[in-house]
1. Which of the residues spanning the range 104-118 are surrounded by fewer than 21 Cβ atoms within 10 Å (Cβ to Cβ) and in contact (Cβ under 8 Å) with a residue 24 or more places away in the chain?
2. Test each condition in (1) open to solvent by 60 Å² or more (accessible area, probe 1.4 Å); (2) over 17 Å from Ala127 (Cβ atoms); (3) not hydroxyl-bearing (Ser, Thr, Tyr) for Ala62 and report the one that comes out false.
3. Restricted to the range 119-157, and to residues that are of a type in the set (A, V, I, L, M), open to solvent by 20 Å² or more (accessible area, probe 1.4 Å) and not in a helix (DSSP H, G or I), which residue is nearest to Glu91 (Cα to Cα)?
4. Listed residues Val77, Val103, Val92; which is closer than 27 Å to Glu169 by Cα, among the β-branched types (Val, Ile, Thr) and touching an Asp or Glu at 6+ places or on another chain (Cβ under 8 Å)?
5. Identify, by number, the condition in (1) open to solvent by 60 Å² or more (accessible area, probe 1.4 Å); (2) in contact with a Leu (Cβ under 7 Å, 6 or more places away or on another chain) that Glu91 doesn't meet.
6. Mind listing just one residue for me: the one in the range 28-47 that is in contact with an Asp or Glu (Cβ under 9 Å, 6 or more places away or on another chain) and farther than 17 Å from Asp18 by Cα and, of those, most open to solvent (accessible area, probe 1.4 Å)?
7. Can you tell me which of (1) within 25 Å of Ala29 (Cα to Cα); (2) in a helix (DSSP H, G or I); (3) open to solvent by 40 Å² or more (accessible area, probe 1.4 Å) is the one Arg101 doesn't meet?
8. Among the residues of the range 187-205, which ones are in contact (Cβ under 8 Å) with a residue 24 or more places away in the chain and surrounded by 15 or more Cβ atoms within 10 Å (Cβ to Cβ)?
Amino acid sequence: MTAVTAVTDVLVVAPHPDDDVIGCGGSIAKHVRDGARVTVVIVIGRERSALDDEVTDAEFAAETDASAKALGVHRVVRFEEPSRDFRLTREVHLDLVRVLREVRPQVVYLPHDNDDDVEHRMVHQLATEALWMAQSSFFQEAGAEPMPAPQLVLGYEVWAPMARFQYAEEIGGQIEAKVEAMRCYRSQLRHAAWDEGIRGLARYRGAVASGSGYAEVFQVLGLTGPGPGPGSGGGRD
């Protein structure tokens, strides 16, 4: 399919730190390569574990910043909503509407709608509702003018791979940046070998989508432009 045209700004909504890397890190790096500014919104703050309890909040924030730098992310916005006590309040909706109206992205990434993690599903709902709100003439307390509809809205996979997808983006040239960005989260690698996992998933998705290489796959949740993706990948349903 033909790539979305004139992509200057991209917004990624991540439930937790590192979800953006796992779900669409290769596509982020590809957008950056093509000259776009990428803003990442991390909705929920850090969840501590006995495996990384000695890592301070400042050190963990530095891991997030290093990961963003590895992908070329322009800006990271942290909402620091409470993990396991997260609620879809008007306040958090308006916080995301403010960012959307400021960035006015042509492409938006958010978690897919059927992830096994309940907070991922909640952030999917938050992002889809905030997208509508940001385009509305209501919610003036969020500031700025209503934003135009994005050309493309894509749902990415993190905790639960999608059973069906509509678009695959080839990321062979970005797989090392994606893996390196994940390795910046040293505290998270104590839980699981996420760097190996994301490489393996991208390899599998590449084989399924085109027979070889590395890929990320997505739900197409909204499309007003001529076609999906930062490059010229294909789709499968």
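1. Of the range 104-118, the ones surrounded by fewer than 21 Cβ atoms within 10 Å (Cβ to Cβ) are 104, 113-114, 116-118.
Of everything in the range 104-118, those that are surrounded by fewer than 21 Cβ atoms within 10 Å (Cβ to Cβ) and in contact (Cβ under 8 Å) with a residue 24 or more places away in the chain turn out to be Arg104, Asp113, Asn114, Asp116, Asp117.
2. (1)
3. Going through the range 119-157, the residues of a type in the set (A, V, I, L, M) turn out to be 122-123, 126-127, 130-131, 133-134, 142, 144, 147, 149, 152-154.
Next, from what is left, pick out any that are open to solvent by 20 Å² or more (accessible area, probe 1.4 Å): 122, 144, 149.
Applying the additional criterion that residues be not in a helix (DSSP H, G or I) yields 144, 149.
Working: Ala144: 16, Ala149: 22 Å.
In this case the residue turns out to be Ala144.
4. Details: Val77 fails: touching an Asp or Glu at 6+ places or on another chain (Cβ under 8 Å); Val92 fails: closer than 27 Å to Glu169 by Cα.
Checking each option against the conditions leaves just Val103.
5. So Glu91 meets the others, but not (2).
6. Going through the qualifying residues, I end up with Arg37.
7. (3)
8. Ser187, Gln188, Trp194, Ile198, Arg199, Leu201, Ala202, Arg205
The values are calculated or read from the model by the stated rules, or taken from the named source; none is laboratory data. Every value quoted in this text rests on a predicted model; they were computed, and no experiment measured them. Positions of Cβ are generated from backbone atoms using ideal geometry, with glycine treated the same way; all protein chains shown enter the neighbour counts. Only protein heavy atoms, including side chains, enter the accessible area calculation; ligands, DNA and RNA are left aside. Shrake-Rupley method; radii C 1.70, N 1.55, O 1.52, S 1.80 Å.
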